[in-house]
Structures are given as C-alpha cells and as structure tokens.
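**Q** Below is a structure I'd like to ask you about.
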Amino acid sequence: MKGRVLIAAGSDSGGGAGIQADIKAVSALGGYAATAITALTAQNTQGVFGIHAVPPDFVTLQIDKVLGDIGADCIKTGMLASVAIIEAVADGLERFGAGIPRVVDPVMVAKGGASLLADDATQALINRLVAGATLITPNIPEAEVLLGRRILGAGDMEAAARDLLALGPQAVLLKGGHLDGDDLVDLLAWSGGTRRWASKRIHTSSTHGTGCTLASAIACSIAQGLGLEAAVDRARAYVLRAIETAPGLGSGHGPLNHMHTIAEFTP
C-alpha cells in the first residue's frame, strides 16, 4: 500500500459518490484513504433526500488528528456544502497540511440535480481552496459557476481553462462530459501548456460519482508519485473501466464498479 490520501468530502449513503466512492477508488488503486467528513446525505440512485452538515469545528478536528498522526501525500476535497465548512477545511489544511498537494473537486450539484453547495459559497471556495490548489477538476456546469459565464462548446474549453487558471490553481482538468454529442474531450491546462483526452460517450445510466471517483483516482496517483499527466491518464482509464463494468444497481443514476481492479478475489 503506497500513497496516503486525506479526503474532505460528504458521505453518500447509497455508496456511489462522495466519501464512499473516494475510499473505494483510492483503495482500488493501492493507496490509503483517510477522511474528514463534511456532511451526511440521505441519497440513493434516484436523488438526494436530505443533507446534514457536520459542525465546522469537528471537520477541522478530523483534519488535525489525521494529519498529525497518519499524515498525507495528497489531499482531495469534494462536497463542502457551505461557507462555514469551506473555511473550516481551508483553516485545517493551512494549519496542519501546508505544502501537501491538493486536488479540489468543486462539487456543486449531485447527478440527480440536487444542490450540494450553498449559493453564497462559490467565492469562498475560489478564495480559500481553488487558489493555490495543485489541480481543480470542474465539469462544465461547475466551471461556468466559477467563471460566471457560459462555456458554449468544446472549442471554448481552452479559453475557459485559461480563465480558470487565472483563479489561482496550478492546473485545471476541465471535463467535457456535459457538452452535447458523442465525442467527448477532457482538457488539462497548466502554465506551460495543455493536453486533451478524447473519448466516445458511453451510453449508460451508471454514471453516479464519476467526478468524485476521477478526482480521488488522480489524488491517489499523485500521492504515489506520478506526474500530473500520468495521474490523469491512469485515473481516466480506471474510471472508464469502472463505467463499462458498472453493476447496474438501482433505478436511477447507478454507481460505478470501483473495485474492478480486484478481480483475483472476486467470487
């Protein structure tokens, strides 16, 4: 087991996204996952039916105790819900996790459409966590909220990624899956250049937790010493296979097969 990842995110009672997906992804890729849970949700494949925020000081306490004992080689943030939680996570990372690479997944809306970030929290997210992040991993709707403007198609992605870089992260992975069409593009941008990954859309309802899973897989790969492009390569391959082999659970947006790497012990 190599690569310690501390994940600050919300819990998904259905197991498809959030902390549950994060732990599965890091474990499946041979890393060690520790957590600071920011919120509890009551959800399944059909939607989110309730959210219970964790007290901010308890979020910071989780970060303190994990980093003070176990440590981390990379930190990943997901659902943070509110300004108070964002401030608690940012304060904890500044006090106890300075210098550790940070992957920020700016989670705003669940797959079923439920809001997972308060309307007044975007600027706090930008100021406290996006700025200075090693990598941010927004999808198109999240990028539009961060930028305050529309992204009209794949041809607009590079300009959008450059504008996202201006918010202060070292790199941006702008995911194109929400755009129309079967030809999808993910764009990685950093100060020295860009790289695109092209793929065909997989027509399936089993896509719940893809963003959480991808960001955690990247964080695990960084924690294990991979460079940024190699980390994205590996994480995208892992997620694509997890979608292709999804178990087909539930009647809505189903979970991925996070454990497809554990074939030797699968009954």
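We did not get these values from a lab; they are worked out from the coordinates using the rules stated. Nothing here was measured: the structure is a model prediction, and the numbers come from that model. Glycine gets a Cβ as well: all are built from the backbone with ideal geometry, and neighbour counts include every protein chain shown.
**Q** Just need the relative contact order of the chain here, percent rounded to a whole number, with Cα pairs under 8 Å and 6+ apart.
**A** Numbers: 595 pairs, mean separation 55.0, N = 267.
Across the chain, relative contact order equals 21 percent.
**Q** Which lysines does LYS175 reach when only Cα atoms under 19 Å apart count, and residues fewer than 8 places away in its own chain are ignored?
**A** Straight-line reach from LYS175, under 19 Å: LYS76, LYS111, LYS200.
**Q** Same structure, new question: Decide, for segment 80-164, between rounded, prolate and oblate: order the square roots of the alpha carbon gyration tensor eigenvalues as a ≥ b ≥ c, take rounded if a/c falls under 1.5, and otherwise choose prolate if a/b is larger than b/c, else oblate. Don't skip to the end; give the middle numbers.
**A** Details: a/c = 2.27, a/b = 1.41, b/c = 1.61.
Judged from the Cα gyration tensor, segment 80-164 comes out oblate (a/c at least 1.5, b/c at or above a/b).
**Q** In the chain, with Lys and Arg counted as +1 and Asp and Glu as -1 at Cβ, which of these residues, ALA98, ILE151, GLY192, has the Cα nearest the positive end of the dipole, that is, farthest along it?
**A** Result: GLY192, furthest along the dipole toward the positive end.
**Q** So, one more: Rounded to the nearest 500 deg cm²/dmol, what is the calculated helix-only ellipticity per residue at 222 nm for the chain, with -39500 (n - 2.57) per DSSP H run of length n ≥ 4? Before the final figure, lay out each step's value.
**A** Working: 8 runs with 91 residues, N = 267.
Per the formula, -10500 deg cm²/dmol.
**Q** Taking springs between alpha-carbon atoms closer than 10 angstrom, which of ALA17, ALA98, ALA42 fluctuates most in the Gaussian network model of the chain?
**A** ALA98
**Q** Using the Cα gyration tensor of segment 156-267, with a ≥ b ≥ c the square roots of its eigenvalues, what is the shape: rounded (a/c below 1.5), prolate (a/b larger than b/c) or oblate (neither)? It would help to have the intermediate numbers written out before the result.
**A** Values: a/c = 2.43, a/b = 1.46, b/c = 1.66.
Oblate.
**Q** Something else now. If you take every DSSP beta bridge whose two residues both sit in segment 136-235, what share of them, in percent to the nearest 5, is antiparallel? Write down the numbers at each step before the final one.
**A** Numbers: 13 of 15 bridges.
Expressed as a percentage, antiparallel bridges in segment 136-235 total about 85.
**Q** Give me the dipole magnitude in Debye, nearest 20, for segment 175-267 about the Cα centre, with unit charges on the beta carbon: positive for Lys and Arg, negative for Asp and Glu. Mind showing how you got there, number by number?
**A** Numbers: 8 positive and 8 negative charges, 21 e Å.
The calculated dipole for segment 175-267 is roughly 100 debye.
**Q** Less than 10 Å Cβ to Cβ from ALA33, Lys/Arg counted +1 and Asp/Glu -1: what total charge do the surrounding residues give?
**A** Values: positive: ARG4, LYS24, LYS76; negative: ASP22.
Taking every Cβ under 10 Å from that of ALA33, the sum is +2.
**Q** Also: Relative to the present Cα-Cα distance, how much length would full extension add between ALA53 and SER13 at 0.36 nm per residue of separation? Working shown, then result.
**A** Numbers: separation 40, 0.36 × 40 = 14.40 nm, distance 1.39 nm.
Stretched fully, the ALA53-SER13 segment lengthens by 13.0 nm.
**Q** With a point put 7 Å past each Cα toward its Cβ, work out how far MET1 is from ARG241 in nm, to one decimal.
**A** Those two pseudo-labels are separated by 2.1 nm.
**Q** Among GLY31, GLN62, VAL48, whose Cα projects farthest towards the positive end of the dipole of segment 1-80, with charges put on the beta-carbon of Lys, Arg (+1) and Asp, Glu (-1)?
**A** Of GLY31, GLN62, VAL48, it is GLY31.
**Q** If you take every residue apart from ARG195 with its C-beta less than 12 Å away from the C-beta of ARG195, what net charge results, scoring Lys and Arg +1 and Asp and Glu -1? Don't jump to the answer; show the numbers that get you there.
**A** Details: positive: ARG196, ARG236; negative: GLU158, ASP186, GLU229, ASP233.
Within the 12 Å Cβ shell, the charges total -2.
**Q** How big is the shadow of the Cα convex hull of segment 1-155, averaged over all directions, in nm²? Walk me through the intermediate numbers first.
**A** Numbers: hull surface 37.5 nm².
If you wrap the Cα atoms of segment 1-155 in a convex hull and average its projections, you get 9.4 nm².
**Q** Report the one residue of MET79, GLY227, GLY252 whose Cα lies farthest in the direction of the positive end of the charge dipole of the chain (charges on C-beta: Lys and Arg +1, Asp and Glu -1; origin at the Cα centre).
**A** GLY227
**Q** Run the quick spin-label model on ASP180 and ALA230: label points 7 Å from Cα toward the beta carbon, then report their separation in nm to one decimal.
**A** The two pseudo-label positions are separated by 4.1 nm.
**Q** OK, next. When DSSP beta bridges are limited to those with both residues in the chain, what percentage is antiparallel, rounded to the nearest 5?
**A** Working: 20 of 42 bridges.
Of all bridge pairs located within the chain, approximately 50 percent are antiparallel.
**Q** Placing unit charges on C-beta atoms (Lys and Arg positive, Asp and Glu negative, everything else neutral), compute the dipole magnitude of the chain about its Cα centre in debye, rounded to 20. List each step's numbers first, then the result.
**A** Working: 20 positive and 25 negative charges, 91 e Å.
For the chain, the charge dipole is close to 440 debye.
**Q** Antiparallel versus total DSSP beta bridges in segment 41-162: what percent is that, nearest 5?
**A** Numbers: 5 of 11 bridges.
Here the antiparallel bridges make up roughly 45 percent for segment 41-162.
**Q** Now, a different point. Below 9 angstrom from the Cβ of GLY78, what's the summed charge of the other residues (Lys, Arg +1; Asp, Glu -1)?
**A** On the way: positive: LYS76; negative: ASP22, ASP105.
That works out to -1.
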